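Written out below as structure tokens is the structure these notes cover.
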Amino acid sequence: MMKLNELYKKIEDCQQCSLGKTRTKLVFGTGSEEAEVVFVGEAPGYYEDQKGEPFVGEAGKLLTELLEKIGIKRSEVYIANVLKCRPPGNRDPAPEEVEICKEHLLQQIEVIKPKVVCTLGNFATQVILGKKVPISRVRGTPTLTKEFFVFPLYHPAAVLHQRWMLEPLEEDFQKLREFLNSPISVPQLQKAEQLDLF
Ligand code: SF4
């Protein structure tokens, strides 16, 4: 089984899509290879591209605080994005870029084998679920895909602009805590099924 550092070496010079030419640094992901939770955002922004690390700005700070409130250290989770390179000017990722780069993310998840993958915001949620489902409808509910549980959450960056989202996001982090504490239960699966997300 490949390790994360081996996977990183494999893609550190990646030029599989045009973003390879415009990035400053590839943003692979950070955190524990033993993580129970993997967080997935959209793509690196300006500061992430400069530093080569995901979620380094205010949104990252909020994510760290939300984790601490449910008793989890940032170093215990793994944080990555669907895209490893910044789209110029933070434009929306192109479908072909997503198609190519999401394979890297899926390989990371395969190595880590987390209990749950928390998708942050509409973009990551729709890519991972493979459905155009609004985040407001699926947030805070674990959904079983073929390979792993997905737990969609509002994106912390969205909360920085729309403060009303903080309360539901905090509630969802509590639900995440409960989910992590509990063995996977039948009602959780049924709820996911009712949402027709399989
Ligand atoms: S965005 Fe992904 S596929 Fe495109 S160059 Fe970067 S690592 Fe490679």
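For each pair in K84/K115; K3/K51; K73/K146; K51/K175; K51/K146; K10/K51, compute the distance between the two Cα atoms and list the pairs where it is over 30 Å.
Details: K84/K115 23 Å; K3/K51 23 Å; K73/K146 28 Å; K51/K175 32 Å; K51/K146 34 Å; K10/K51 20 Å.
Over 30 Å Cα-Cα: K51/K175; K51/K146.
Rounded to the nearest 0.05, what FRET efficiency is calculated for E58 and K175 with R0 set to 25 Å and r the Cβ-Cβ distance?
Details: r = 24 Å, r/R0 = 0.95.
Efficiency for this residue pair is about 0.60.
Output wanted: per-residue J couplings in Hz (rounded whole) for segment 120-130, from phi through Karplus 6.51 cos²θ - 1.76 cosθ + 1.60, θ = phi - 60°, x for Gly and Pro.
For segment 120-130, the Karplus curve yields 9, x, 4, 4, 4, 4, 5, 5, 6, 7, x Hz.
7 Å from Cα along Cα→Cβ at both K113 and Q162: what's the point-to-point distance in nm?
Each label point lies 7 Å from its Cα, and together they span 3.8 nm.
Quick check: the angle from helix 166-181's long axis to the longest principal axis of the chain, C-alpha only, nearest 10 degrees?
That works out to roughly 80 degrees.
On a 0 to 90° scale, report how tilted helix 58-69 is relative to the longest principal axis of the chain, with both axes built from alpha carbons and the result rounded to the nearest 10.
So the helix axis and the longest Cα principal axis differ by about 40 degrees.
In deg cm²/dmol, rounded to 500, what helix-only [θ] at 222 nm does the chain give when every DSSP H run of at least 4 residues adds -39500 (n - 2.57) and the total is split over its residues?
Numbers: 10 runs with 92 residues, N = 198.
The helix-only estimate for the chain comes to -13000 deg cm²/dmol at 222 nm.
Using 0.36 nm per residue of separation minus the Cα-Cα distance, give me the extension gain between E103 and K25 in nm, one decimal.
Values: separation 78, 0.36 × 78 = 28.08 nm, distance 1.89 nm.
Stretched fully, the E103-K25 segment lengthens by 26.2 nm.
Taking the Cβ of N81 as the centre, find all other residues whose Cβ is under 9 Å away and add up their charges (Lys, Arg: +1; Asp, Glu: -1). Let's see the in-between values first.
Numbers: positive: K84; negative: E42, E48.
Counting the neighbours of N81, the net charge comes to -1.
Taking one equal scatterer on every alpha-carbon of the chain, how large is log10 of I(q)/I(0) by Debye at q = 0.11, 0.13, 0.18, 0.19 1/Å?
Relative scattering, expressed as log10 I(q)/I(0), comes to -0.46, -0.66, -1.32, -1.47.
Can you compute the charge dipole magnitude of the chain about its Cα centre, using +1 on each Lys and Arg Cβ and -1 on each Asp and Glu Cβ, nothing else charged? Give it in debye, rounded to the nearest 20.
Once rounded to the nearest 20, the dipole reads 140 debye.
Once a ≥ b ≥ c are taken as the square roots of the eigenvalues of the Cα gyration tensor of segment 116-183, is the result rounded (a/c under 1.5), prolate (a/b larger than b/c) or oblate (a/b not larger than b/c)? Before the final figure, lay out each step's value.
Working: a/c = 2.42, a/b = 1.19, b/c = 2.04.
Taking the square roots of the gyration eigenvalues as a ≥ b ≥ c, segment 116-183 is oblate.
Return the whole-Å distance between the Cα centroid of segment 111-131 and the Cα centroid of segment 1-32.
19
Calculate how large, on average over all directions, the projected area of the Cα convex hull of segment 1-67 is; give the answer in nm² to one decimal. Intermediate results must be reported in sequence, preceding the final value.
On the way: hull surface 21.2 nm².
That works out to 5.3 nm², a quarter of the Cα hull's surface.
Quick note: the coordinates plus some simple rules give every number you see, no bench work behind them. Computed from a predicted structure; not experimentally measured. Don't worry about glycine lacking a Cβ; one is built from the backbone with ideal geometry, like all the others, and counts go over all protein chains shown.
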